[in-house]
1. Tell me the net charge near ARG255. Cut-off is 15 Å between Cβ atoms, ARG255 excluded, with +1 for each Lys or Arg and -1 for each Asp or Glu.
2. How would you order 580-592, 278-290 from highest to lowest mean count of nearby Cβ atoms within 10 Å?
3. Once phi is turned into θ = phi - 60°, what whole-Hz ³J(HN,Hα) does the Karplus curve with 6.51, -1.76 and 1.60 give for every residue of region 41-53, x standing for Gly and Pro?
4. How much net charge surrounds ALA384 when only other residues with a Cβ under 10 Å from its Cβ are counted (Lys, Arg +1; Asp, Glu -1)?
5. Net charge near ARG143, counting Lys/Arg +1 and Asp/Glu -1 over other residues with Cβ under 15 Å of its Cβ?
6. Of PRO202, VAL222, LEU266, which is farthest towards the positive pole of region 185-287's charge dipole, taken about the Cα centre with +1 and -1 on the beta-carbons of Lys, Arg and Asp, Glu respectively?
7. Would you please give the residues with an amide H less than 5 Å from that of TYR565, counting only those at least 5 places away or on a separate chain, with H modeled from the backbone geometry?
8. Using Cβ contacts closer than 10 Å as the measure, can you line up ILE97, ILE316, ILE204 from fewest to most?
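We did not get these values from a lab; they are worked out from the coordinates using the rules stated. What you see is a predicted model, and the numbers here were worked out from it, not measured in a lab. Cβ sites come from the backbone with ideal geometry, for glycine too, and all protein chains shown count toward neighbours.
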Amino acid sequence: MRASESNQDYPFAVTNTAAALLDDAGTVLAWTPAAEALLARRSADVCGRPVRDLLADADAGGWEAVLAQGGRSGCAGRDGWAGRATVRHGSGGELEIGFRVVPLNDGAPGKAARCLVIGAPVEVVARWRQDQAFTRELFLQGRVGLAVFDGDLRLLRTNTHLLPYTGVPVDLYGRRLADFLWAEDARAVEDRLREVLDSGTPLIGFNTTVRTLDDPRGGRIVTIQAFRLQEPDDRPMGVAAVFTDVTEHERSRGRLDLLYRATGALGGSLSVLRTVEDLVKVLAPTFGDCAAVDLAETVLTGGEPTADGHLPLPLIRMAVAGAEPDVLRTGTTTRFAGPPSASAERACRGELVTGLGDRPAQSGDDAVPEWAGAVPGAHSAMTAPLCARGIRFGRLTLWRSGDSAPLEDDDLALLEEIAARAAVAVDNARRYTKERRTAVGLQRSLLPPATSEKPAVEAAGLYLPADADSGVGGDWFDVIPLSSARVALVVGDVAGHGLHATAMMGRLRSAVRAMADLELEPEELLAHVDDMVVQVASEAESEDPDDGDAGIALPGGPAGATCLYAVYDPVARTCVMASAGHPPPAVVGPDGTVEYVELSPGPPLGVGGWPFEPVEFDLPPGSVLALYTDGLIERGEGDVDEGMRDLAER
């Protein structure tokens, strides 16, 4: 309290307080300087006069009416009483005051009854009472902790909810935070309180973790607000601090952040192995000290487990994070034996086990499950099945050990949510693996043998995906024997990847083979194939656009498919070819020189209405004719010309 504010902050303080001494008849015997200032009346003008002369409503009962307030309120007697009155101000106006009457004797025989009347403006009294009520209720709050520290940061006063954690003494008076908190936690708080005490700058929103000496695991997260307390002469007298427990709020925010990061990690790859590896790296050590994913063997090859609600056994540990190599090893076979359930919903629930160090490892109702005891020293563990479309195909398991907080039901709920999203990602990767294996098998079945010998040529072919992650494409090549020892050489490229591109590649290859039997010239053959592609594209456009399989048809745009068709005549030693948007082949002469065939490529298949120009050139014996797709010359950051020069050098 500053001296200049004493009348406002402490209306009934002895110093600078308006007071009057009255006898039993209500005559003013004494008048303080503060009373002179309050009512603008000198002591000489008031003393000896009845107090009723000061009352604005003296005609309505006077001093007796004021005294009657005490009788009605039941406050009369030795303890005194309080009330309100309107008095005449020396300026001619009126002033409403609050007052308190303090008896100075008990009115015994032979003694004159006297009383002390202390007064202040009603607004000052009201504010003082509000301050008192605020302080009293603040120390009774159960949601926040309130503490007053002295200049040495010793506790002077606290509410019962300062730190309602295990290990906090009941009586905190005179104690320091280090008496019951971890030294480093107490030091972090006291350093900030010392800054407030020295600078006077309030502390707003300082978050820290506090752990008690008796229960150090986990601790609680609190937000601290603090401000300095000062003496009337402005000297610092201590610090008042409010401690708010925000543990659940911070944990909830941390769980949402973890869920967000885990979801992001799950979308980075279409590889089953890469997906689960990215997931466990996010979970450990952020969420738990160790994390592992176990999957059914059939998932790795793209197969689908049976939809009977049971967890397929055995499981193979595919990803581990946070554990020592000799504790949890990838590639090991695990068996999570659990009671089978016919209900898919029940089968997809997780399991939480706590107090691992206090439970027997042997068989029994209270024994530690085999999966939970896989990490020595863990005090809690939880597992959640990987379940998609009602089919279980693996488990996500987490362990905590050391001083980390034990796992709770909220943690299990978060793990189940992450497992549900992980299951969808793994299932998508599994289905992609299955589709890719199917596409690879289909493509291999459609391509000719890698090597073949004809009377006029020796053929060798190789299919090598330029980007293994992009899946199987629509590239193909073929060697077709014709009459008179001639040989047709074909190479083509369908835009896109996966089964759709492979299926379209098969249709084009079949069409080229069928038309090759008709002994058509290269430009005529490409014209007929182009008509077929236009028809297929037209049929696709007429289908339901919401049908996901409509994409099997080849797009009608200019980048749909390219093809080069060449016919080699060993008798005439000539080669005739035409191109539908395909890059020119390279010719390696008998002397080792490399040249590209100068041809005029027509538009890609599917444009329709454009002619294809043939080109004929001599091909001496011993020459090599190299047909390829654009993946060999468009890789990297260089242009096509640079890619062709690089191919010629190779």
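1. On the way: positive: ARG251, ARG253, ARG261, ARG400, ARG421; negative: GLU248, GLU250, ASP257, GLU408, ASP409, ASP410, ASP411, GLU416, GLU417.
Surrounding charge for ARG255 is -4.
2. Details: 580-592: 17.8, 278-290: 21.3.
Ranking, from highest mean packing down: 278-290, 580-592.
3. Per-residue couplings from phi come out as 10, 6, 4, 5, 7, 9, 4, x, 9, x, 5, 5, 5 Hz.
4. Values: positive: ARG349, ARG395; negative: GLU351, GLU416, GLU417.
Spelling it out: positives minus negatives among the neighbours equals -1.
5. Numbers: positive: ARG220; negative: GLU137, ASP245, GLU248.
After counting each charged neighbour, the total is -2.
6. My answer, from the dipole projection, is LEU266.
7. Placed amide hydrogens put ALA578, ALA580 under 5 Å from TYR565.
8. Working: ILE97 22, ILE316 17, ILE204 10.
In increasing order of surrounding Cβ atoms, one gets ILE204, ILE316, ILE97.
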